[in-house]
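Quick notes on the structure that follows.
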Amino acid sequence: MNSKTGLVIVAIIALIALIAAGASLVYAQSRLTAAEPDAHSLAGSWIVTVTPDPETGVPPFVNYAAMTKDGMIIGSNETGHASIGVWTRTAGNQSATTFMGFDTMDGQIIQYKVRSTVELSRDGEEFTGPFVTEIFDADGNTLFTVTGTIQATRIHVEPLD
């Protein structure tokens, strides 16, 4: 895998992880006991499968994200990088997200920004949609852009019987 492909994977993973982490914090703070999630909100914790477009050469991967009721996103990826961002409902079951993070590529620090428009399923258990990831150099110049789709599944409490 080349540096560009690795960076794209890290950026996408970080985005999804940020979303999932933010959702977890909001949900945990709003409920002292386990409760059913709001089927009309992204607030909660998510397992996010990221599928970059085929021409990128990047295979699908998984991130974790938490989204809070007040619109924050915290994410983590399989490489250990974190991201932060925001989300907002745009119409009906649709929401927009933006999150950002740092990484390294060829020994240089880079920044990435991930934007997506997602649709929450009627039962609130999944969301899907397209994403765009922009990779920037230290001076803020766009190095390249990656597009694809995400599919997320809500995480629920699994009691230790």
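Any read-out appearing in this document is the output of simple, stated calculations on the displayed coordinates, not a laboratory observation. Just so it is clear, the model here is predicted, and its values are computed rather than measured. Please note: Cβ atoms are built from the backbone with ideal geometry, for glycine as well, and neighbour counts cover all protein chains shown.
Tabulated results
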quantity: Stokes-Einstein diffusion coefficient of the range 58-161, Kirkwood radius over Cα pairs, 37 °C, 0.692 mPa s, in µm²/s; calculated: 219 µm²/s
quantity: Where only alpha carbons of the range 120-161 are counted, the Rg and the Dmax (Å); calculated: 17.0, 53
quantity: Residue exposure sequence - 41, 116 - by fewest surrounding Cβ within 10 Å; calculated: 41, 116
quantity: Residues of the range 113-149 with amide N under 14 Å of a point placed 7 Å along Cα→Cβ from residue 156; calculated: 123-126
quantity: Net +/- balance of residues flanking residue 151 in space, Cβ distance below 13 Å, scoring K and R +1, D and E -1; calculated: -2
quantity: Cβ-defined net charge surrounding residue 109, 12 Å radius [Lys, Arg +1; Asp, Glu -1]; calculated: -4
quantity: Gained length - residue 122 relative to residue 104, 0.36 nm times residue gap less alpha-carbon distance; calculated: 2.6 nm
